[in-house]
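In what follows, a single structure is set out as structure tokens and then discussed.
None of the figures in this text is laboratory data; all of them are computed from the coordinates on show. This is a predicted model, so every value here is computed, not measured. Ideal geometry is used to build each Cβ from the backbone, glycine not excepted, and the neighbour counts take in all protein chains shown.
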Amino acid sequence: MNPAPTAAFAALADPTRSTIVDLLARRGELAAGDISGAFPSSASAISQHLKVLRESGLVLVEKRAQQRIYRLDARAIGDVEAWLAERSRQWNARLDRMAAYLDTTRDRKTADDE
């Protein structure tokens, strides 16, 4: 079983950070200034959000000349996806068992009523 990517979920809980992730998912890699320019917040505030995303493992940063270029870390995104897929399988299995139980109960009640 995959460990819960709690740092990633904590980082994504903030609307600005989840929007940054969406932006990087759509556009690929972006300079910090380009990311900052997409928000009404100060560059300093966006820098702090990028730091949280970096520390959570969701984004990678590369220094190119005077710029910091950010991109999503595919492995971290894959870890989140895998964790969610496992939870989905578990819930679907539980719901299938509940449906089977309800069908059995309904069938018994129908047989008792006849």
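Below is a table of values for the structure above.
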quantity: Three-way shape label, segment 36-77, alpha-carbon gyration tensor, a/c 1.5; calculated: oblate
quantity: Convex hull volume of the chain per residue (C-alpha atoms, cubic angstrom); calculated: 131 Å³
quantity: Calculated FRET value between S44 and N92, using beta carbons and R₀ = 41 Å, to 0.05; calculated: 0.40
quantity: For the chain, calculated [θ]222 nm from helices alone, where every DSSP H run of n ≥ 4 adds -39500 (n - 2.57); calculated: -23500 deg cm²/dmol
quantity: Dipole moment magnitude, nearest 20 debye, the chain about Cα centre, only Lys, Arg, Asp, Glu C-beta charged; calculated: 600 debye
